[in-house]
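Okay, structure first, notes after.
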Amino acid sequence: SGTWSAAGSRWPPATDRPIVQGDVVAVDVIGARAGYGFDVNRVLIAPPLGTEHRDLLETVVTATERAVAACVAGATVDDVVRAASRVTAASRFADDAGPMAGHGIGLETVELPYLRAGDHTPLEPGMALCVEPGIFVPGWAGAAVEQEVIIRADGPPEVITPTPTRFW
């Protein structure tokens, strides 16, 4: 929570720092069911929600939505990352976008491909990805909203994350 949220979704994994009004609170639920990993990152805010935090959170959700929409068979990892980057680059948080926009998931929680710029791995039907472009402003706050998707043979991906993306 708070400035620790700028460190990313899992590091540090937890602190004894009390949550205070206006904090961004990162919640990353990771585990396995029937031998397959799951990974769902969401962001909460300890009211009140200020304009700057709303801008951060809405930018992250929009970047995630655009990246998810780019997850179609035949596209590349780079196409997905660029879809998210177009959103973050046009925001006031352009310099604070995280270097990775997600990862594959399956038998392990984090698998290849890593969603990074310049990776031309093609997306194939049946691939499972965690799409989570984030923004991490040192000393202030950070956020990523993660969607798990399955690449389909035709059309948009199947989003298998059953939780809302906005908790503010």
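Just so you know, in the stretch 46-81 the residues that are open to solvent by 60 Å² or more (accessible area, probe 1.4 Å) and in contact with a helix residue (DSSP H, G or I) (Cβ under 9 Å, 6 or more places away or on another chain) include one that is nearest to Val145 (Cα to Cα), and it is Glu65. When restricted to residues that are part of a strand (DSSP E or B) and acidic (Asp, Glu), the stretch 104-128 contains 1.
Rundown of residues vs (1) in contact with a helix residue (DSSP H, G or I) (Cβ under 6 Å, 6 or more places away or on another chain); (2) open to solvent by 60 Å² or more (accessible area, probe 1.4 Å), yes/no style:
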residue: Leu112; (1), (2): no, yes
residue: Leu115; (1), (2): yes, no
residue: Pro122; (1), (2): no, yes
residue: Met127; (1), (2): no, no
residue: Cys130; (1), (2): no, no
residue: Pro133; (1), (2): yes, no
residue: Gln147; (1), (2): yes, no
residue: Ile150; (1), (2): no, no
residue: Arg166; (1), (2): no, yes
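For the stretch 50-61, does any single residue satisfy the condition of being in contact with a Pro (Cβ under 8 Å, 6 or more places away or on another chain) and either among the polar types (S, T, N, Q) or in contact (Cβ under 8 Å) with a residue 24 or more places away in the chain (or both)? Checking the stretch 50-61: at least one residue is in contact with a Pro (Cβ under 8 Å, 6 or more places away or on another chain) and either among the polar types (S, T, N, Q) or in contact (Cβ under 8 Å) with a residue 24 or more places away in the chain (or both).
Among all positions in the stretch 115-127, there is no residue which is under 21 Å from Ile30 (Cβ atoms) and modelled with pLDDT under 95.
Looking at the stretch 83-103, which of the residues that are among the small types (Gly, Ala, Ser) and in a loop (DSSP other than H, G, I, E, B) is most open to solvent (accessible area, probe 1.4 Å)?
Going through the stretch 83-103, the residues among the small types (Gly, Ala, Ser) turn out to be 83-85, 89-91, 94, 97-98, 101-102.
With the extra rule that they be in a loop (DSSP other than H, G, I, E, B), the set shrinks to 90-91, 98, 101.
Numbers: Ala90: 89, Ser91: 26, Gly98: 24, Ala101: 7 Å².
Taking the candidates together, the pick is Ala90.
Within the stretch 113-129, residues that are more than 18 Å from Asp154 (Cα to Cα) and among the hydrophobic types (A, V, I, L, M, F, W, C) sit with their Cβ atoms under 7 Å from residues that are open to solvent by less than 50 Å² (accessible area, probe 1.4 Å) and in a loop (DSSP other than H, G, I, E, B), at 6+ positions apart or across chains, in these pairs: Leu115/Ala101. Does Ala63 satisfy the condition of being outside any helix (DSSP H, G or I), of a type in the set (Gly, Ala, Ser) and modelled with pLDDT of 95 or more? No: the conditions fail for Ala63. Residue count for the stretch 34-60 satisfying the condition of being assigned to a loop (DSSP other than H, G, I, E, B) and in contact with a Phe, Trp or Tyr (Cβ under 9 Å, 6 or more places away or on another chain): 2. Confirm whether Cys71 is at pLDDT 95 or above and assigned to a loop (DSSP other than H, G, I, E, B). Judged against the criteria, Cys71 is a match.
The values are calculated or read from the model by the stated rules, or taken from the named source; none is laboratory data. Note that the coordinates shown come from a computational prediction; the quantities given were computed from them, not determined experimentally. Because the Cβ atoms are built from the backbone with ideal geometry, glycine has one as well, and the counts that use them run over all protein chains shown. Each accessible area value is taken on the protein alone, full model and side chains, heavy atoms only, with ligands, DNA and RNA left out. Shrake-Rupley method; radii C 1.70, N 1.55, O 1.52, S 1.80 Å.
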